[in-house]
Structures are given as C-alpha cells and as structure tokens.
1. Quick one: in segment B:70-81, of everything that is within 13 Å of chain A (Cβ to nearest Cβ) and surrounded by 16 or more Cβ atoms within 10 Å (Cβ to Cβ), which residue is nearest to A:Arg391 (Cα to Cα)?
2. Scanning segment A:378-423 for residues that are β-branched (Val, Ile, Thr) and more than 14 Å from A:Gln542 (Cβ to Cβ), which turns out surrounded by the fewest Cβ atoms within 10 Å (Cβ to Cβ)?
3. Return yes when A:Val909 is at pLDDT 95 or above, over 25 Å from A:Ser654 (Cβ atoms) and not assigned by TED's automatic domain parsing to the domain that holds A:Ala611 and no when it is not.
4. What pairs come up if the first residue lies in segment A:192-217 and is more than 14 Å from every other protein chain (Cβ to nearest Cβ), the second is of a type in the set (Phe, Trp, Tyr), and their beta carbons are under 8 Å apart, counting only those six or more places apart or on different chains?
5. Out of all the residues in segment A:731-750, is one or more within 14 Å of chain B (Cβ to nearest Cβ) and either of a type outside the set (D, E, K, R) or surrounded by 20 or more Cβ atoms within 10 Å (Cβ to Cβ) (or both)?
6. Which condition does B:Leu34 not pass, out of (1) within 13 Å of the ligand (Cβ to nearest atom); (2) crowded, with 16+ Cβ neighbours inside 10 Å; (3) within 12 Å of chain A (Cβ to nearest Cβ), if it passes all the others?
7. Inside segment A:211-287, counting only strands (runs of 3 or more DSSP E) that do not spill past its ends, which hold 1 or more residues that are more than 26 Å from the chain's Cα centre (by Cα) and surrounded by 24 or more Cβ atoms within 10 Å (Cβ to Cβ)?
8. Which ones in segment A:408-441 are free of Cβ contacts under 8 Å to residues at least 60 places away in the same chain and either of a type in the set (D, E, K, R) or part of a strand (DSSP E or B) (or both)?
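The values are calculated or read from the model by the stated rules, or taken from the named source; none is laboratory data. None of these values were measured; they are calculated from a predicted model. Because the Cβ atoms are built from the backbone with ideal geometry, glycine has one as well, and the counts that use them run over all protein chains shown.
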Amino acid sequence: MSATLDRPERAGDPQAPFRTADGGRVDRSRTLTFTFGGRSLTGHPGDTLASALLSHGVHQVATSVKLGRPRGIGAAWAEDPTSLVQVEEPFPEPMLLASTIELYDGLVADGLPGQGRLADLPDSARYDARHLHVDLLVVGAGPAGLSAALVAARAGARVALVDEQAEAGGALLGGTDTIDGRPGTAWVEAAVAELAALPDVMHLQRTTVFGVYDDGFALAVERRTDHLGGAAPQHLSRQRVWRVRARRTVVATGAHERPVVFTDNDRPGTMLAGSARTYLHRYGVLAGERAVVFTTNDSAYQVAVELADAGVDVTVVETRERAPVAWSAACGARGLPVRTGSVVTGTEGVERVTAALVAPRGGGAPEALPCDLLLVSGGWNPAVHLYSQARGRLRFDAVLGAFLPAEQLPDLDVVGSAAGTLDLEGCLFTGRETGRAAVAALGLPEVPRTPQADPTVDPPPPASDPDLLWVVPAVDGDASRQFVDVQRDATVADVQRAVGAGLRSPEHVKRYTTIGTAHDQGKTSGVVMSGILGELIGAGPQDVGTTTFRPPYTPVAFATLAGRDRGAMFDPERTTALHDWHLAHGAVWEDVGQWKRPRHYPAPGEDMEAAVLRECAAVRSGVGILDGSTLGKIDVQGPDAGVLLDRLYTNLMSSLKVGRVRYGVMCGVDGMVLDDGVVLRLAEDRWMVMTTTGGAAKVLDWMEEWLQTEWPDLRVHLASVTEQWAAFPVVGPRSRDVVGAVFPGVDVSAEAFEFMTWQDTQLEGVPVRLARISFSGELAWEVHVSSWHAEEVWHRLVAAGQEHGITPYGTETMHVLRAEKGYPIIGQDTDGTVTPQDLGMDWVVSKKKADFVGKRSFARADNQRPDRKHLVGLLPTDGETVLPEGSQVVDVPLGEDLPAPPVPMLGHVTSSYRSAFLGRPFALAMLQGGRERVGEVVQLPVGGRLVAAEVTGPVLVDPEGARRDG
Amino acid sequence: MQLIECPWCGPREEVEFSYGGQAHVPYPESPAELDDEQWAHYVFFRDNTRGTLAERWNHGAGCRRWFNAMRDTVSYRFSAVYRTAEPMPASVPLTGAGSSSASATTSTTTSTTTTGR
Ligand SMILES: [Zn+2]
C-alpha cells in the first residue's frame, strides 16, 4: 500500500492523492476526519468509507477469513464481497461494508477477517417500526423506478418510492449519461422535486426493501441516522423498519456486475469494472493509475474510455475475438490498447495487485501487464432477488448470460436493469410503461401518452453479443486459488470437491462449499457458482438454476428487527391492583404467563425455603392472605348457559343452585384434562367460571369455539372479567375471625356460610362477593371485589388480621399447600396425556350425563389400561431429600444399582416441596399403576445416587377433610 | 405476511388469525353409539389434502369469530371464506402460484368423519 501513497500529489487534494481535481458528488468544501486501521484519514460528505479509503490509495481493507489473504474493495455498493469492516466509534457494530458506510466525522473502523465482534455494551440507540399502506411500491429510484413512480404519482396513485442509497438516481449517479441534453442527475433532481410536490408520495432514501412477502407485503429498513455518526440526535430512531402493504409493487433494483473467476482473483486492487466508474463519477476518486480492464462484454469499454480520459493508463483484455465496433473509434482516439481473444490467467502482487497475467484465450504463455487496478466485467446479473422472493420463476437468458424473470406476477412488475434492460433509454421507457400499466391495474384513470413530454436520451451504441465466461482455467491446473466466493475463501476447487462428492444441486453445493452464505448472500458469486457447476456436470445454467433468493436482501441488525419490542416493551406485563403493595412488602416475583405474581415475601435474612416454610406454617396455624386476582374469570350468561357448561365440564353444572359453588374439570375430546376451577352460579342464567391463571384465555377460546362452531343455537354469551375482579383468598383457622371482622353484616358461621357457597355483601357501598372455596384444605374465604376497590379491601383485611398474625403469602406457598392436599395444577402435574381418572378424580366425572366433551374417550381401550400413570404422593424415605421436579421413577428394585441404559421408567415427579406441616419433603408424581403401588418403595436417581421414596395417596394433609370448616 | 379475508371484518393480516384445522368435521350426535375406531376417526383423523381444503379459522385478534375458508395447502391461497352457518362453496378455481393442484378437491373435504351424523 505504501508504494501507492508515494504517488505525485494531485491538484485536487494533497492529502488524498487519488481524489480527482474536480467532479463527483462529494462536498469538497467540507473535510471529514476518520480513522481506519489506526490511521487518521480524510474524506468529504458524500463519500463512503470505501471511496474515502480509495482516495488515499488504500485498497486493502482486511485479510480473509480462512486463508488470511489480503482483501480489498471489490465494488461500490452492497454487492461488494470483500470490504467488511467493524465500526468501533461512535458505537461498535460488526460486519458492515466499507462500500456502503456513508462517511462521517469521527468514524473509527477496522477491517474484519470475515467475522465480526458484537458490542459488549448495550445499544443505547432507538429503533422503531412504521406501517405504510400504498397503491404502488416502487423499489429503486434509478431511471426505471423514478419513471414508474412519476407516472403513477401523477395519476393520483398513492406511491412509496424506496431506494437504498443516500440519494435517488441509481446508476445515473455514477455515470455520464445525459437526459434531455442535461446531466442525468439534473433529470433526477427534477423528478424528485416533482414527486415531493405530489400528494400521497412517500419517498424514502437510505431505505432497503429487504424482503417481499405475500399479498404485497414488503419489509424495508431505513437507516435514519447512521450517516450522522456521533452527531445523530438521540431522540430519533437510528433505524426503522417499514412494514409496507402495497396493492402493486414495481421492482427496479438494477443489476449487479458479474466477475470472471481466475487464479489469484482476490488481490486488493481487483474490482468490478462498473464500480470504478462509480468511484470516478460519483465520488471523484480514481481507483488506480494503471488499469487492466478484463471484459467479456461491451459495458466495460465505457469504463475504460472514461478512466483513460481521467488520466488512467488503461489496457483492455477482451475475451472475444473482435472488439466491439461501436467502441473501436473511442479506443483508437485514446490509443487505448485492446487485447482481443485474451484472458487474465492470474495476478501478481501481495497487498495489492501489481500485474495482471494475460494470455491468449486458446492458451500460450502469459504476459505480465503491470497495473495497480484490475477491473473485471463478466456481464450483468439483474437483481431479481425481490421478484424471486415473491416466488417468480427465473429463466436463463443465453445472450445476456444471466437469469431473468420468466413470468408476469399478478401484482409485481420487474423493470429496468432488474429485468435485463441495461440501457438508459430502455430503462426510462419500460419504467414509464410499467407505471402506466400499474395505474390501469389499480383502476385509476388512464394516463395519456404524451411522447413529446417524455425524456429523450442519446441512443445507446449498437451492442455486440457478450461472451459467457465463468472461469479462466488455471494455467497450472490448480483451482484452489480461483475464488468463487471471495468472502468465504471458497474456490473452484471447492466446487470440484462438491461435485466429486456427488452433489449436483446448487443448493447442496452452496451448503457444501459455503459459497453465497456470506454477508452478500452470493450477489456476485451465486450465478458464477451455478455456471461453474454446470460446466462440471455437463449441464446448462438453465438446468442447474440458482439457489433460492431469501430475505433479507442485505443484512439487517437484530436490534432493528426488535425495534421497540425489547426490555419491558417486549411483552405486556400484567399487574394486579395490589402490585404496589406487593412491591412495598418485598415480594419476590414469579412470572405466570404475562402476570407478575408474588412468589413469596421473604423476611429479612430469609431465603425462599425459609420464607415458604414460614408462610405455610402461618396459613395452617393462623391465617394467610393471597392475591389471587390473576385467576381467570369468565362471565357466562344466557338461558342456555347451564347447557353449555354441562357439555364442557365433566360433571353436572346445571343442577348447581344459585348461591353455590362447584369444582369442575374440562377435558378435550380426547378425554385429557384441559383446565380446572370452580364455578359460581350467580343467577338462573348467569355463572362465573373460574380458571387457572395460565388457562384463562385458553378456556375462553375453548368455550367460544364450541359455542360458535358446534352449538350456535345455544343462547349464551361469554366475557372475560379477569381484570374486573380482584380475588383474595383469606385462608387458615383464623380466617373466619378476619372475614367476620371486615364484613360484620355476614354471618360467617359454618352453619350460615357453608363450604362451597357464596354470598354478596357490601363494604361501605362497595359490592363484595365472599365465597367459601379452599385450595389448601383449610377454612378459607375468597373475597371478590371490583379491581377499583381492591386495594382498600385488601388493606382492611390485612388490618383486621393483624391480631391474628395474618401473613401474606405467594404462589410458592399456595403450591405447597395445595400439593399437601393432592390438588393437581393443570399443566404442572398434568401434561395433556392425563385423564381425570388418572388424577384419581372419578368423582368429578358425571355418570348421569349422556354426553359431554371427552366422555366417549374415557371408554377408549387405551384409557382403560391398568398401567396408566396415576397421580400419587411420594415420601422420600430418608425424610430429607427434596426430589427435583422431573426426576424419573425407575423400575429398579431396592438395593440394586442403576442398570445400563435403557433404564425402565415408571413415571416422574411433577411437584416437590418441603412441607412445614409434615416436617419433611414430599412430592407428587405420575406413576404407572400408581394407585396399586401405594405402600411400595420406589427409587429415583437424584444427583448420581438412587433415592428411595414411599408411594402414598396424593392427599398427605388432613385426608379426612377435618380442617375445612375450621 | 398474507392477508386473510375475515367474512365479518374484511382483509386482515394473518397474525390476527388462528388456524382451527379441517372444517365440516361435526361433533358426532351420539358418541356413545360409535365404536372405538369410529370415535378415533372423529378425534384423531383428518384429511391430508394436497390442494383445496375447507378449513376453520378464527379471527382471534379481531372480531373473535370463527369462520370457514377454502385454502390451497400448496400455495396457501384462499379461494373462498364463508361463515360457519353457510354451506361449503363449490370448488373455486384458484389463480396465482401453485394453483395447479387445486382440482382434486371437494370430494376429499367431505368424505370422512361424519359417521356420527
Ligand atoms: Zn373478523
């Protein structure tokens, strides 16, 4: 690199010797300072990092991922396979292309050997998303896209024009074309101004449509402040995802130049030919001083001629036997040598190409042509990515040597270079026509043709057919330095190996060789790989095809996709009316679905085990209070409500009297338990169905589904009232005193307020419902009150409980208390393969009802098997071990060690706790034939040893139910 | 992301909907009279159609209503949506990608699992 820096200074910029004296779209009045690889360098607004580096003669950006070979800048935009950098300042970001980073003051970046490094500090930038609904989405603001957008917008269509570069213009930005006798960029400016003045046009630059999906849906990422670097305002989102829904889409995404593969084709200074033209005209930078232009087609001649005019010493190496007639005069006038029938067989140089080895195509000794820039053009690949994502089929065009759209999609057009129309006149014309057709398809008034108003351009020079050359055979036969995917260090030799291994499909070869799997997703290497593969297996490109084009078109950061859906915004957090109280009383939270529930309330110095033992003991010996507001509550109303409940619950609900409560279980049609809970009959035609916290939405959906799809004749309405009602279980032998004190109008005696009944009362005008329900086996009331008044009622209960030592308890204590009574938690002790009978709950299954959902399945042979798993209790015989939940019960006799696998298994632990009441750990388990094993001792492997446990019935505390009435 | 036409709300994005499996599989009138195999057909067996299938959909994040739809299982294209009470429309020719398999349809959507009727 240093050699090139010693070149004589150019008039334009003494600091940047390869900056032209004038021209380009950079703002030479302002100088930006940046650091690359530790060197402080300068550039101008309008530069990319790559163009600024090139202006200093810096070509090598990094070394390669596997081989450590120097790598440079391969192109001028996103198709560049090589110039990967890591931005360090203002915020670390890996895997960006120097060719697409807009230069800003203070940029600090380093080259990357193919792998990036994520920042280890949180990204403080904002990311967001917006929806956009349009008639027409035009992707690409080059001549074709602008033309289509103009026609449609003038006709009154709602248009989104989206382009990935900093400014509109596409290829016109990097060329010398004129429109209506003026520079093409002047036409672009006028078009952009006209669009801006039209209503209903959304014009987005720096915005990449990276995916096209069904029904006109497209995703785009807008880089809103990246180009501002450290000066980016913090209040603006850095990047934005646009979720576009368009009635029609026009893909005008241009074309990517295609390389030709030859030996040592990866040296810095090797570049796609058209990109050097872009660097010259758009950025005012010469990519070198002595160029060899290796081409198979006409397009590179314009590059060669214009570079020569800019003072570059140019030689053309032309694969075809004859140079194109249209360019012979221009070459001759400049004394520009054209070596026809020749190929580049290799290169010399280490950190930068110093010579191209040129030989006759038919063979012969290569000659070294000294150069510092090797430009390559193997033709053009239309950027059909978005069309292909929309499931458009491709065909191989033998003349163009590229894959083109093969069909008209119902609501997506491809136009301009993306459709293989490579000349400016054609792009403008087809853009207009496509816009016109889109207007018609949208049902808008027809756009009259006014040829005199259409822009005119010089006719393109007559074109001669391009050559089709994928790879120049290695002179020495060694294909291991012939790079197909430069970024992946994947070569022709790798493709040969893949074919040798029997692979024929480009999809397989891609995965075998990794070609096309880098940041660029094979923009320049994919079709070349297909071509080489075809030659190796004797098939044409049409038969070989391409790999599938998948979103994203260019890499999108996860932070961008996440947008604002991160941290607390990732998922709604549901809190009860008592949330602040729990917080103030030191609750440790448990996430239950989206709910925040107190798990326990540790006293100073307590761990969870100690807190839970204390809470459990308090409930069983005195009184505790739980915030059960998260329990699902469904208001079921209508004359046929009882019929619906009878059909969905396993037991009879319609016989329940108003004022009473019944426990019920719901099953699926397969007879497996779906959910459980209590049902309150509020009136003849009104019921309150209580569900588990996690099952609330599922049960409502389940009831709606049957009601709507099977029994629409039933007159029933369902509404979730989970959030409307707070619910506080007041539990324990002293609960009667507490509830009686707070609600003096209620007779809380066992006789007047029976178990499984409810009563309405008031507290200073606030309606309150009390229900004697117990999930612990203790004397208990559930206090239901509107969420608006929940806090006040809770405070009163806690105040009234002070003299009894009322203890708030959390979900963990609730779980222990219910497990001691053998009450299963659906979804913890069950898993969708468990029937009510398996749970020992025959009593909840009606024998009287002719049918209910699940009933017929209970009689299935499989559900009658005696070795089904039953819910049982387990008491570790050492009285010490808390069996981890999920532990397997193994079929190993006592005294024997674990045999070699497979070990026969009998079941598993579903719940396991330390019991304050029992003074020992216990567990619930699903155990094969469990009810017949009660009294047996089984074994469970725990931490490398076998733990013995006695099988018991599931009810370990108060099996006779003596504590229920206090 | 596809648009699905809710017969009550109009076209909405697919994330608002949930799939409810094959349509026109009514709950048998007298399950007790079915043998295990017949019952198993109702509980476990559904058509595995390549082509147009009548399906149940629920507009869960919208009007919360269930409805039926004819959809091509290859192209995912919907050819018809209809309310639950309405009869299944005759096979509708599909347009667009993947429609080639749309012909072998209506017979398969009504053939099974109505043993209880
Ligand atoms: Zn709807």
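1. Within segment B:70-81, the subset within 13 Å of chain A (Cβ to nearest Cβ) is B:71-72, B:74-78.
Restricting the remaining residues to those that are surrounded by 16 or more Cβ atoms within 10 Å (Cβ to Cβ) gives B:71-72, B:74-75, B:77-78.
Values: B:Arg71: 18, B:Asp72: 16, B:Val74: 13, B:Ser75: 10, B:Arg77: 13, B:Phe78: 17 Å.
Residue satisfying both the conditions and the ranking: B:Ser75.
2. Initially, segment A:378-423 is screened for residues β-branched (Val, Ile, Thr), giving A:384, A:399, A:414-415, A:421.
If we keep only those that are more than 14 Å from A:Gln542 (Cβ to Cβ) as well, we get A:384, A:414-415, A:421.
On the way: A:Val384: 25, A:Val414: 30, A:Val415: 32, A:Thr421: 21.
Filtering segment A:378-423 for residues that are β-branched (Val, Ile, Thr) and more than 14 Å from A:Gln542 (Cβ to Cβ), the one surrounded by the fewest Cβ atoms within 10 Å (Cβ to Cβ) comes out as A:Thr421.
3. Working: at pLDDT 95 or above: yes; over 25 Å from A:Ser654 (Cβ atoms): yes; not assigned by TED's automatic domain parsing to the domain that holds A:Ala611: yes.
Answer is yes for this residue.
4. A:Leu204/A:Trp242; A:Thr207/A:Trp242; A:Thr208/A:Tyr553; A:Val209/A:Tyr553; A:Phe210/A:Tyr553
5. No.
6. The one condition B:Leu34 does not meet is (1).
7. Numbers: elements: A:217-223, A:237-251, A:255-257, A:270-272.
Correct list: A:255-257, A:270-272.
8. Passing the criteria: A:Leu409, A:Asp423, A:Glu425, A:Glu433.
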